[in-house]
Amino acid sequence: MIIVTMDLCALFLYHGGAPREALLQNWQRLITFNHGVPVVPLLQDGDPVLPWTVDVRAFPSYGWVTENGHRSCDTMAYRWFLNRRFDAERYVVYEWDTFATTSLRKFYAPVWDADVACRVPIDFAIRPDWYWFREVPLLPEDAQPYAAGLAPFACSMFSHQALHRMVETPIIPDVFSELRSGTMARRAGLTVTPILYAEGQVSWNEDLIKVSRVASLYHPVKKLVSLPSRMFRRASWT
């Protein structure tokens, strides 16, 4: 029996090769800023590090090719969703190399009611030169007209209905996660809302990310970060 008990859930995706100190730093900050929000750590390779980790290797692959963890990281969310023990109204994909200086509710407030929200939705008709569109020929033929991307997949937010509709679409076995997730969303008829205000804080390029005084989510952050304790008031932690 599945019971709806919360408005928000964070899916914390990590892997066995993540640097332990940065992993624990980013995990702890997510917990600290989000009292009362269930956080589900998901793993698909290596040994568990975090408490309550759900190893998605225990679930069927459902036809997704999952041997390359980076390439198939989006399937961690889908496989968990298909085997979940509770429902939430919305789910945030929080990859391990995300550094928080605010709560999820505050960060996503402007896009709270979106079907899907991501930093940059990529449309094949507008940006055919996007790197991962080179894999469009790997999509099933009937999925190719829906080619789209979520860039990056990290920090994307999905409504419950959106994820439900996405996992009901025909399987796309083996393309890069950002191409698969965007194509699944478009194929399911969902509206993808850009997170315009996160420019400079969320990217695919680590070199572009500098943690600043702006209360935000920062991705990717793969190192330890030192912040003056006075930089953020505790009032922003709710």
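Cut-off is 10 Å between beta-carbons; in what order do 204, 80 appear when sorted fewest neighbours first? Walk me through the numbers on the way to the answer.
Details: 204 16, 80 21.
In increasing order of surrounding Cβ atoms, one gets 204, 80.
When the dipole is taken about the Cα centre of the range 3-237, and only Lys, Arg (+1) and Asp, Glu (-1) are charged at their Cβ, what size is it in debye, to the nearest 20?
Computed charge dipole of the range 3-237: roughly 960 debye.
Can you return the aspartates and glutamates within cross-link range of residue 106? Criterion is Cα-Cα under 17 Å, with same-chain partners fewer than 8 residues away left out.
Leaving aside aspartates and glutamates fewer than 8 places away in the same chain, those within reach of residue 106 are 7, 89, 199.
Toward the positive end of the charge dipole of the range 3-237, about the Cα centre and with charges on Cβ (Lys, Arg +1; Asp, Glu -1), which of 220, 147, 43 goes farthest?
Result: 220.
With contacts defined as alpha carbon pairs under 8 Å and 6 or more residues apart, what's the relative contact order of the chain in percent? Don't jump to the answer; show the numbers that get you there.
Numbers: 449 pairs, mean separation 58.5, N = 238.
It rounds to 25 percent for the chain.
Determine the relative contact order of the range 128-238: mean sequence separation of Cα pairs under 8 Å and six or more apart, normalised by residue count, in whole percent.
Working: 105 pairs, mean separation 25.5, N = 111.
About 23 percent, as a whole number.
To make sure I understand, if each residue's beta carbon is the centre and we count other beta carbons within 10 Å, what order do 124, 86 fall in, fewest to most? Mind showing how you got there, number by number?
Numbers: 124 19, 86 13.
In order of increasing Cβ crowding within 10 Å: 86, 124.
For the chain, report the translational diffusion coefficient in µm²/s to the nearest whole number, using Stokes-Einstein at 37 °C, 0.692 mPa s, and a Kirkwood Rh over Cα pairs.
It comes out at roughly 182 µm²/s.
Separation of the range 128-150 and the range 63-98 by C-alpha centroid, Å?
20
Quick one: which of 42-52, 178-188 comes out on top by average Cβ neighbours within 10 Å, and what's the full order, highest first?
Working: 42-52: 15.4, 178-188: 26.1.
Order by mean packing, descending: 178-188, 42-52.
Starting with the highest mean, order 154-161, 29-36, 10-17 by the number of other Cβ atoms within 10 Å, averaged over the residues of each peptide.
On the way: 154-161: 22.5, 29-36: 16.1, 10-17: 20.0.
The most tightly packed comes first, giving 154-161, 10-17, 29-36.
Every number in this text was worked out from the coordinates using simple rules, so none of it is lab data. What you see is a predicted model, and the numbers here were worked out from it, not measured in a lab. Positions of Cβ are generated from backbone atoms using ideal geometry, with glycine treated the same way; all protein chains shown enter the neighbour counts.
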